[in-house]
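Participant: Encoded as structure tokens, here's the structure I'll be asking about.
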Amino acid sequence: MTFQLKEYHAPDFSQPQFVEAPDAVLVAAPKDGIVPDEYHATTIFPEYFKIDGRWLLAEQSRMDCVAVLEDGALSVREFRNVKAGDKVVIGRSEDGNEGIFVHVDGFDEQRGPLGESFTFRQGRNRETAFSMDYDSLYEQLRYEKERGYIVWVLGPACAFDADSRTAFSRLVEHGYVHALLAGNALAVHDLEASYKKSALGQDIYTQLFHPHGHYNHLDTIDRVRACGSIAEFIKSEKISEGIMCECVKSDTPFVLAGSIRDDGPLPEVYADAYAAQDAMRAHLSKATVVISMATTLHSIASGNMAPSFRVMGDGTVRQVYFYMVDISEFAANKLGDRGSLSARSIITNVQDFVVQTSRNLVAR
């Protein structure tokens, strides 16, 4: 199959409901970080606001934020980034009658089984047939490699297996990874595998434990910190393989967001949660496809920051695709419970998923 983007259908603003609608109401924020009463909270969908008689699209959107008018254009801001005096859109209606329209059907998504009131297996679980998901994803990644921005969100399970580390490294090498979002653990255990051939002291191929192997990840962290950076560690220790090594070699950007339980952490890890959020959003705002694997919290964070659409450089609006891959049904379907309704779940072992994906995209 050949991947094709769905055409975006903007609202017909010549219709009476839009022509007769009032302008959106703007109220000044009373204090830094505080928004006016009855503020409008943005969603993952394209949202239009009527300003001075014109319907404007809020282009850089994300859910649970507010729309702010500045210099005749709309920006979408987190509450913490709102400044006193900012002109914030208020109103809770989304059908246009308050100058706010949330466009949920711009890509003609099928919602429900063709109008039938009852069908079996509407959810996605371990019994779901995923063959078409794999095939369509391979074609999409070939398309996005040249035309889009592919963001991967990885948990440490991806670094615990020799084959999956090699497979993901090859995806980075061959241009199928435009940005990597992860935590301290993914980078630590990948670097431990390069340095000590283990992950948490367990051989990444045989699964045998190294003598005193529980020191291996701490020794790795300490050595990286002594070198001052991941790149310097790779150079100093003559590391030649692995996920982080390939990211450094190919100049692929990565964001490592810290957590409360991190060991070390590595020098590049963001200790400030909001600085990490900003760094992640910088890539997610450019993303055209996001693939999140085996990390529930990072996945939910990424899903909440990734809208269902993106405005391209030529002004066209295109769909953003989000895939959540996990062996746990609960984890893989969690994003749907957190507002990221466009996320598509694939229930499988993430190590096998990476290996299969690499084999189908990269010539061996």
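Participant: At a 10 angstrom cut-off on C-beta neighbours, averaged per residue, how do the peptides 265-272, 205-212 rank from highest to lowest? All intermediate terms of the calculation are to be shown ahead of the outcome.
Facilitator: Working: 265-272: 17.6, 205-212: 10.9.
Peptide ranking by packing, descending: 265-272, 205-212.
Participant: Quick one: helix 162-173 against the long Cα principal axis of the chain, what's the angle to the nearest 10°, folded into 0 to 90?
Facilitator: Long axis of 162-173 versus the principal axis of the chain: about 50 degrees.
Participant: Still on this structure, I have one more. On average, how much accessible surface per residue is there in the chain, in Å², for a 1.4 Å probe, leaving out ligands, DNA and RNA? Walk me through the intermediate numbers first.
Facilitator: Numbers: 17730 Å² over 364 residues.
Ligands and nucleic acids excluded, the result is 49 Å² per residue.
Participant: Putting +1 on Lys and Arg Cβ atoms and -1 on Asp and Glu Cβ atoms, find which of 296, 204, 188 reaches farthest to the positive end of the dipole of segment 166-321.
Facilitator: So the residue furthest toward the plus end is 296.
Participant: Would you mind checking the tilt of helix 131-147 against the longest principal axis of the Cα atoms of the chain, expressed as 0 to 90 degrees and rounded to 10?
Facilitator: On a 0 to 90 degree scale, this one is about 80.
Participant: Let me ask something else. If you build a Gaussian network model of the chain, linking Cα atoms that sit under 10 Å apart, which residue out of 225, 54, 310 swings the most?
Facilitator: Sorting by GNM fluctuation, first place goes to 54.
Participant: Here's a follow-up. Which angle between 0 and 90 degrees, to the nearest 10, do you get for helix 296-305 versus the longest principal axis of the chain when only C-alpha atoms count?
Facilitator: So the inclination is approximately 30 degrees.
Participant: May I ask you to derive the relative contact order of the chain, considering only C-alpha pairs under 8 Å and at least 6 residues apart, and to give it as an integer percent? Present the calculation step by step, with values, prior to reporting the outcome.
Facilitator: Details: 735 pairs, mean separation 63.9, N = 364.
Computed value for the chain: 18 percent relative contact order.
Participant: Once label points are set 7 Å from the Cα along Cα→Cβ at both residue 207 and residue 5, what is their separation, rounded to one decimal in nm?
Facilitator: 4.4
Participant: Using Cα pairs under 8 angstrom and six or more residues apart, how large is the relative contact order of segment 15-108, in percent? Before the final figure, lay out the partial values.
Facilitator: On the way: 218 pairs, mean separation 36.5, N = 94.
With pairs under 8 Å counted, the relative contact order is 39 percent.
Participant: Right, here's the next one. Taking 0.36 nm per residue of separation and subtracting the Cα-Cα distance, what length does fully extending residue 352 through residue 136 add?
Facilitator: Details: separation 216, 0.36 × 216 = 77.76 nm, distance 1.72 nm.
Result for the pair: 76.0 nm of gain on full extension.
Participant: Candidates (i) 45, 25, 15; (ii) 40, 25, 17; (iii) 33, 27, 20; which is the computed semi-axes √(5λ) of the Cα gyration tensor in Å?
Facilitator: Here the calculated entry is (ii).
Participant: Next question, about the same structure. Out of the DSSP beta bridges found with both residues in the chain, what percent are antiparallel (nearest 5)?
Facilitator: Working: 28 of 51 bridges.
So the antiparallel bridges amount to about 55 percent of the total.
Participant: To continue, here is another question. In the structure displayed, which of 196/249; 197/334; 50/83; 145/197; 87/334; 145/196 lie more than 24 Å apart, Cα to Cα? If you can, show how the numbers build up before the last one.
Facilitator: Details: 196/249 20 Å; 197/334 33 Å; 50/83 22 Å; 145/197 31 Å; 87/334 34 Å; 145/196 33 Å.
As for pairs spanning more than 24 Å Cα to Cα, those are 197/334; 145/197; 87/334; 145/196.
Participant: How large is the dipole of the chain about the Cα centre if only Lys and Arg carry +1 and Asp and Glu carry -1, each at its Cβ, rounded to the nearest 20 debye? Please report the intermediate quantities before stating the final value.
Facilitator: Details: 36 positive and 51 negative charges, 159 e Å.
The calculation lands at about 760 debye.
Participant: On to the next question. For the chain, what % of the accessible area comes from carbon and sulfur atoms, probe 1.4 Å? List each step's numbers first, then the result.
Facilitator: Values: 8720 of 17730 Å².
Carbon and sulfur together cover 49 percent of it.
The values are calculated or read from the model by the stated rules, or taken from the named source; none is laboratory data. Computed from a predicted structure; not experimentally measured. All Cβ positions, even for glycine, are placed from backbone atoms using ideal geometry, and neighbour counts span all protein chains on display. Areas reflect the complete protein model, heavy atoms only, side chains present, ligands, DNA and RNA absent. Shrake-Rupley method; radii C 1.70, N 1.55, O 1.52, S 1.80 Å.
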